[in-house]
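Working notes, structure below.
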Amino acid sequence: MSTQILRQVQNQDLTVRSLVESDLPRVMELERLGYSHPWPVSVFQDCFKPQYRLWALMQGDELVGYAVVNYMVDEAHLLNVCVHPALRGHGAGRYLLRYAVAESIRDGMVQMILEVRQSNEAAAALYASEGFEEIGRRPGYYPDATGREDARVMVYRFT
Ligand SMILES: CC(C)(COP(=O)(O)OP(=O)(O)OC[C@H]1O[C@@H](n2cnc3c(N)ncnc32)[C@H](O)[C@@H]1OP(=O)(O)O)[C@@H](O)C(=O)NCCC(=O)NCCS
C-alpha cells in the first residue's frame, strides 16, 4: 500500500474487519445508496459460506463500505464493492480493494476477476489503476433503466 493511500486512510480512521450477518441492515442502506439495482438481502445472506469472503470497511464504529469476494478454485471473483457516497473520492474504495486483493493472495488465489457496468467509469478507473485489465464484455449482463447494459470483464493477475 502506498504511503499516500495509507496516510489518507489513517486520517479517515478506516479499518477493515469481517462482515457479519448482523451488519446486513446497514449494508442494505449502503447498497440502496450505491446501486440503481441493489442486491436483495437474500443474496448477501447466501454469501455467508466458506468459499466467500465478506469485508466491512469501518470508520471508527460505523460501517461505511463492504466488499464481497467468491473464491472459485484459485480465482477470486469480486462480486460487490461499495463505499458510502459521503466518503467517496478519498481513497476508501482503493483501500478496501487492496485489502480484498491482499487477502485473496494470502488465501492462495492467483487472480481476481470482476464484472463492472460499462457506464460505471469511476469503478472501472479504480480497477484499471490497480492493475486490472479488460478481457472482454458480457452483452446485456445488467438490467438498466431502459433495458440491459453490457458488463466489462476485468482481471488482475497477481503474478
Ligand atoms: C467504486 C467505488 C467503490 C470507489 O470508491 P471511492 O472511495 O470513491 O474510490 P477512491 O476514492 O479510492 O478512488 C480510487 C480511484 O477511482 C477512480 N474514481 C473514483 N471516483 C471517480 C469518479 N467520480 N470519476 C472517475 N474516476 C473516479 C479514480 O481513478 C480514483 O483514483 P484517484 O483518486 O487517484 O483519481 C465507489 O464509487 C462506490 O461505492 N460506487 C458505488 C458502488 C459501485 O459502483 N461499486 C462497483 C461495482 S463494480
Open item on the list: Name the residue that is most open to solvent (accessible area, probe 1.4 Å), counting only residues in the range 21-39 that are closer than 10 Å to residue 84 by Cα and acidic (Asp, Glu).
Closed with: 29
Task: Residue ranges of helices (runs of 4 or more DSSP H) in the range 1-80 with at least 3 members of a type outside the set (Gly, Ala, Ser) and at pLDDT 95 or above - done: 24-34, 41-46
TODO: Take the residues in the range 115-159 that are within 18 Å of residue 80 (Cβ to Cβ) and more than 17 Å from the chain's Cα centre (by Cα), then tell me which one is surrounded by the fewest Cβ atoms within 10 Å (Cβ to Cβ).
DONE: 143
Task: In the range 71-83, residue nearest to the ligand (Cβ to nearest atom) [restricted to those that are open to solvent by 20 Å² or more (accessible area, probe 1.4 Å) and under 12 Å from the mean Cα position of the chain (by Cα)] - done: 81
- [ ] Within the range 119-144, track down each residue that is in contact with a helix residue (DSSP H, G or I) (Cβ under 9 Å, 6 or more places away or on another chain) and within 11 Å of the ligand (Cβ to nearest atom).
- [x] 122, 123, 126, 127, 129, 130, 132
Task: Residues of the range 89-99 satisfying the condition of being touching a strand residue (DSSP E or B) at 6+ places or on another chain (Cβ under 6 Å) and either more than 11 Å from the ligand (Cβ to nearest atom) or open to solvent by 60 Å² or more (accessible area, probe 1.4 Å) (or both) - done: 99
Open item on the list: Considering only the range 108-128, I want to know if a residue exists there that is in contact with a Ser or Thr (Cβ under 7 Å, 6 or more places away or on another chain) and part of a loop (DSSP other than H, G, I, E, B).
Closed with: yes
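The values are calculated or read from the model by the stated rules, or taken from the named source; none is laboratory data. The structure presented is a predicted model; accordingly, all values stated were derived computationally and were not measured. As a convention, Cβ positions derive from the backbone with ideal geometry for all residues, glycine included, and neighbour counts pool all protein chains shown. Side chains included, ligands, DNA and RNA excluded: accessible areas come from the protein's heavy atoms. Shrake-Rupley method; radii C 1.70, N 1.55, O 1.52, S 1.80 Å.
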